[in-house]
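Okay, structure first, notes after.
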Amino acid sequence: MKQRTTLPVLRRRAAVFKALGHEDRLRILDELAGGERCVCELVAAVGSSWSTVSRHLSVLKTAGVIADDKRGLQVFYRLALVQPWHRQARRLGALGRRGEETPGLNVGTPLPPFFR
């Protein structure tokens, strides 16, 4: 029998999906997929004001999608995702029954912490 998912886990998952629900936030994630970036680089990439990008970064950070690191006067952001275990990947359909990869899905693809 499958164990029922708890309400706090569902709320964390919902927060992540809400955080991903804006095109500028997805642009930020596209930039961070290439590695760590400072806020000034993200402002230029997104094409919005500093305050707008800052608010988007705050939403993504609160949801656990990104993490930050302050160095002097600059703040650098990076993806805060984890490498999945095979069991997690199988549960999500990235692996077949015998552990082989499903075409188009990479087992090493980072997943948000809410999949734990």
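Okay, here's what the table says:
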read-out: Debye, to nearest 20: dipole size of the range 7-79, +1 on Lys, Arg Cβ, -1 on Asp, Glu Cβ; value: 400 debye
read-out: Eligible lysines near K70 by straight Cα distance, threshold 18 Å, same-chain separation 8 or greater; value: K61
read-out: Taking L10, L20, L29, L60 and counting other C-beta atoms within 10 Å, the order from fewest to most; value: L10, L20, L29, L60
read-out: Long-range amide H partners of A80 with built H, under 5 Å; value: I66, A67
read-out: Positive minus negative residues near L32 (Lys, Arg vs Asp, Glu; Cβ under 14 Å); value: -2
read-out: Footprinting exposure proxy for F17, F76 (fewest neighbouring C-beta atoms within 10 Å first); value: F17, F76
read-out: Added length on full extension, which subtracts the Cα-Cα distance from 0.36 nm per residue, Q74 to E23; value: 15.9 nm
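Quick note: the coordinates plus some simple rules give every number you see, no bench work behind them. Nothing here was measured: the structure is a model prediction, and the numbers come from that model. We place every Cβ from the backbone using ideal geometry, glycine too, and count neighbours over all the protein chains shown.
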